[in-house]
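Comments concern the structure below.
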2 protein chains.
Amino acid sequence: MSKDYLLLPQVKKDLKIVEEELAKVVAADGVKLAESSLTTLRAGGKRLRPILVLLTGMTNNYDLSCLIPAATAIELVHTASLIHDDVLDEADTRRGFPTVNAAWDAETAISTGDYLFGIAFEVLSKLGNSDIVKVMADAVLALSVGELHQMRTCHSLNQTIDDYLTKIKNKTALLFSAACLVGATLSGASEIEVEALGKYGENLGMAFQIYDDVLDISGDEEILGKPIGIDLKDGMVTMPIFFALEETPQSKYLQKVVENVNSTEEDIKKAINIIESTSAIERTKNEAKRFIESALETIDLIAEGEVKKGLRSIGEFVVDRYH
Amino acid sequence: MSKDYLLLPQVKKDLKIVEEELAKVVAADGVKLAESSLTTLRAGGKRLRPILVLLTGMTNNYDLSCLIPAATAIELVHTASLIHDDVLDEADTRRGFPTVNAAWDAETAISTGDYLFGIAFEVLSKLGNSDIVKVMADAVLALSVGELHQMRTCHSLNQTIDDYLTKIKNKTALLFSAACLVGATLSGASEIEVEALGKYGENLGMAFQIYDDVLDISGDEEILGKPIGIDLKDGMVTMPIFFALEETPQSKYLQKVVENVNSTEEDIKKAINIIESTSAIERTKNEAKRFIESALETIDLIAEGEVKKGLRSIGEFVVDRYH
């Protein structure tokens, strides 16, 4: 069964305001792009990034008038990058809903992403805080670098685990880090606390993505709401694959499946069985857990209390979801 | 012969610094996206938007330490939007150079555009001025709305001149306006001056785009460095077409060419001849000139001097280039 995590009642309540705000800012001009934006936003997701903004925003002062726009903006940036990613990956569905490129076309998806980037920075500009703009701009940069890096290295085994880690840092971890940096900064946390929370976010994001890559191989399709093996079929060389290749006597076959741009469903099934027959999933989960440990270590200096409890709970959730 | 316009020696000098800065910020991380970005930046263009930032930046104080990042950021946003537009339009060349989607692929083009948006806001964040961030974010928004609007209305005559004007305002005029608002604001111009210069930019941008649309029909291919009739073939319903349809007895044929997604070169040639046989080009040029008159009227309140001379000269250039 799907495990949930402790969400402070205050965060739960304020997340609803973020939801309303997301719908409001996107629809503001009554333009056609609002429709494609809303479709993606409504498809939902865990809203982990806004939750991190709100939660770290409690470190010192809790000023909702800043935190709501910041949490809204970060989800807009995330959504924009998902929409562009779906064009890159030629994905038809996301979270069980048709992607913008599938429901409309690639052109609409490109414009919708740009539109959401624009709104995100428009919303951010209201905060009057250039540090926040910089953190978010850097995250946009990293997202674009990470996504293209991923696409360019598909179906290629000419890469190392370090390449994989750099990719997921850019693609996922730095936006998690940005969420925490933004929340902590807006709460008026000390410099050392802001830095620690930023590192927490980065490590959490690494663990999140590594665990996501585990789910693509050993997840429960019904709980995930999508078939497994999609990334494998797309030739993404994730951590479990690196580990499995080290161990299995069938590494030649597994290698061929990864390199093949036209693997059949049967090939994928067989490759998954090969990976499952090694300790790759176990080892990968342990790596994810190690990142969570690092995340929790960095917040040692944060005072015990609700915020820390919440951050710990999210950490546990990330490496134990859907199991 | 190509006409030039008066560029203040100071602006000319500082534009070189902007060029260096563009190359520097894009290449900063040594990432792969730098290459595709630089290719597009190097292909050049008139750099009208950074010139407007520098020129309006002289209205009061001339503070290069702010103006260079602002001028750099606006060219980055412009370049990002060109790269994404080329994916939308499936264009193979721009200014005689291969587009990013042609030289690489659509995926690289999408990521490169996002990368440049990211750098633009990263550069802007250094100014510590939220008004500037808002102006630029609004411009990004408008660009995305305008481009998609244009794409969605291709090959359709179910639109009015007002639709056309709204489109080019979003697609072109608001970024010109942003350039002037940003320059004037950074120079510490009065509120009324900033507003006037913003309106100047908007009107200038309208005239610029209208004249661009004239050149697609009656321009000199050798001077333009690209074939004429491209927009017509893409089914863009521009001002000369609206006017020609009103006048020509061959409106049925012209209509068919615009609506046809597979017009041959001969169709296009014949359609251009039809348009040329009417007063559409003349009338469109007059409309462009009227926007320039409006632009110059709005800067009545700006004191006579180098800045005003420069703004006038750009206005004249825009409706008289390449003729």
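The values are calculated or read from the model by the stated rules, or taken from the named source; none is laboratory data. In this text the structure is predicted, and so the values were computed from the model without any measurement. Glycine gets a Cβ as well: all are built from the backbone with ideal geometry, and neighbour counts include every protein chain shown.
The table that follows gives values for the structure above.
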read-out: So A:Thr59, is it more than 19 Å from the chain's Cα centre (by Cα), among the β-branched types (Val, Ile, Thr) and over 18 Å from A:Val26 (Cβ atoms); value: yes
read-out: Tally, over segment B:275-299, of residues that are closer than 14 Å to B:Ala196 by Cα and without any contact (Cβ under 8 Å) to a residue 60 or more places away in the chain; value: 2
read-out: Output for segment B:133-157, where each listed residue is among the acidic types (Asp, Glu) and crowded, with 22+ Cβ neighbours inside 10 Å; value: B:Glu147
read-out: A:Arg290 vs. criteria closer than 20 Å to A:Met236 by Cβ and basic (Lys, Arg); value: no
read-out: Candidates A:Thr108, A:Thr99 - the one that is within 23 Å of B:Ala91 (Cβ to Cβ), touching a helix residue (DSSP H, G or I) at 6+ places or on another chain (Cβ under 6 Å) and among the polar types (S, T, N, Q); value: A:Thr108
read-out: Of all residues making up segment A:142-186, the number that are at the interface with another protein chain (Cβ under 10 Å from one of its Cβ atoms) and among the basic types (Lys, Arg); value: 1
read-out: Condition check for B:Thr40: buried (at least 23 other Cβ atoms within 10 Å of the Cβ), of a type in the set (Ser, Thr, Tyr) and within 30 Å of B:Glu306 (Cα to Cα); value: no
read-out: Close pairs (9 angstrom Cβ cut-off, 6 or more residues apart or separate chains): farther than 21 Å from A:Gln255 by Cα in segment A:224-235, crowded, with 18+ Cβ neighbours inside 10 Å and among the acidic types (Asp, Glu) anywhere; value: A:Leu224/A:Asp216
read-out: Helices (runs of 4 or more DSSP H) contained entirely in segment A:195-266, each with at least 1 residues that are in contact with a Lys or Arg (Cβ under 7 Å, 6 or more places away or on another chain); value: A:239-247
read-out: Sole exception among (1) at pLDDT 95 or above; (2) assigned to a loop (DSSP other than H, G, I, E, B); (3) not polar (S, T, N, Q) for A:Cys154, by number; value: (1)
read-out: One residue from A:Thr40, A:Thr59, A:Thr72, A:Thr79 being within 21 Å of A:Asn170 (Cβ to Cβ) and touching a residue at least 40 places away in the same chain (Cβ under 8 Å); value: A:Thr79
read-out: Single condition A:Ala139 does not satisfy, out of (1) within 10 Å of another protein chain (Cβ to nearest Cβ); (2) within 21 Å of A:Lys226 (Cβ to Cβ); value: (2)
read-out: So A:Leu48, is it buried (at least 19 other Cβ atoms within 10 Å of the Cβ), closer than 22 Å to A:Lys171 by Cα, more than 14 Å from chain B (Cβ to nearest Cβ) and not charged (D, E, K, R); value: yes
read-out: Filtered residue count, segment A:112-127, keeping only those that are touching a residue at least 24 places away in the same chain (Cβ under 8 Å), within 7 Å of chain B (Cβ to nearest Cβ) and hydroxyl-bearing (Ser, Thr, Tyr); value: 1
read-out: Qualifying residue in segment A:92-103 (condition: at the interface with chain B (Cβ under 7 Å from one of its Cβ atoms) and either under 16 Å from the mean Cα position of the chain (by Cα) or of a type in the set (Ser, Thr, Tyr) (or both)); value: no
read-out: Selection count where residues are within 13 Å of chain A (Cβ to nearest Cβ) and either among the charged types (D, E, K, R) or buried (at least 24 other Cβ atoms within 10 Å of the Cβ) (or both), scope segment B:64-77; value: 3
read-out: B:Ser130 being farther than 27 Å from B:Leu33 by Cα, facing another protein chain (nearest Cβ under 7 Å) and surrounded by fewer than 24 Cβ atoms within 10 Å (Cβ to Cβ); value: yes
read-out: Residue list for segment A:301-323, restricted to those being in contact (Cβ under 8 Å) with a residue 12 or more places away in the chain and either out of contact with any Phe, Trp or Tyr (no Cβ under 9 Å at 6 or more places or on another chain) or in a loop (DSSP other than H, G, I, E, B) (or both); value: A:Leu301, A:Ile302, A:Glu306, A:Val307, A:Lys309, A:Arg312, A:Val319, A:Asp320, A:Arg321, A:Tyr322, A:His323
read-out: Selection status of B:Leu6, among the aliphatic types (A, V, I, L, M) and free of Cβ contacts under 8 Å to residues at least 24 places away in the same chain; value: no
read-out: Answer from B:Asn203, B:Asn170 - the residue that is at pLDDT 95 or above, under 17 Å from the mean Cα position of the chain (by Cα), farther than 20 Å from B:Lys46 by Cβ and buried (at least 21 other Cβ atoms within 10 Å of the Cβ); value: B:Asn170
